[in-house]
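Following: one structure in structure tokens, then a few remarks.
Derivation of every value follows stated rules applied to the coordinates shown; laboratory data play no part. Small disclaimer: the values here were computed from a predicted structure and weren't measured. Positions of Cβ are generated from backbone atoms using ideal geometry, with glycine treated the same way; all protein chains shown enter the neighbour counts.
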């Protein structure tokens, strides 16, 4: 095999292992992790954002250890998220059915927000969200709940760059600071048409014992539904979030 073929094989096996696919029983036995292959793997992992720059030591005389040490935290986080989805899917699926709205699990990954999982509304009119899709942190309840409880460094980083405008209701740099302060004070986020016209969302954070956001739970759907049943949605989402928090303690 040439270097590109070895790299493709290595990445396929790593991805299969992380995603718990049946083919993960295959291994890299017989593939020598030479310095050129190790460097190619490091570059590929960085490009895929599977590891951060600080996790890789390009000066190491043993690049295979560099790759392994960089993957460990990623594997742990991916396994944790897999278990979160597996453990709480019945509860969140029920929340979607009872509320009639889409339920979204959002997470931070390398200072960006992503949809970890979603449970679509059974209704004909619903908000569509895709698993693995990046979500803005400065707009919409799913993203702003992560930003507000993601730490001061994350907040400052997002305030430095330009904020993409999605609708006339998308927060500006000035209004975003007020939004963050309010979200931190009240412990939840409610957004109206900040990303998608005609859509609203309500989100609560699940925090670690250190006060860091682990993931966010959101209800999202058409604005008219939230205007009619906001209090009902709030109670349903708050109750489901409290159950998850209790189980994680």
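Please give, to one decimal in nm, the separation of the simple spin-label points placed at residue 134 and residue 9, each 7 Å out from Cα toward the Cβ.
The two pseudo-label positions are separated by 3.3 nm.
With the crude spin-label approximation of a point 7 Å out along Cα→Cβ, what separation in nm comes out for residue 98 versus residue 230?
2.2 nm
Measure off 7 Å from each Cα along the Cα-to-Cβ vector at residue 152 and residue 208, then give the distance between these two points in nanometres to one decimal.
Roughly 1.9 nm, to one decimal.
Sorted by average packing, counted as other Cβ atoms within 10 angstrom per residue and highest first, what order do 157-170, 104-117, 185-198 take?
In descending order of packing, they fall as 104-117, 185-198, 157-170.
Classify the range 170-241: rounded, prolate or oblate, from the alpha-carbon gyration tensor (a ≥ b ≥ c, eigenvalue square roots; a/c under 1.5 rounded; otherwise prolate if a/b is larger than b/c)?
Oblate shape, in that a/c is at least 1.5 and b/c is the bigger or equal ratio.
Can you tell me the length gained on complete extension of the stretch residue 2 to residue 159, counting 0.36 nm per residue apart and subtracting the Cα distance?
Full extension of this stretch gives 52.0 nm more.
What is the pair-distance distribution P(r) of the range 100-248, computed from all Cα-Cα distances in 5 Å bins starting at 0, with each bin given as a whole percent?
2, 10, 21, 25, 22, 13, 6, 1, 0
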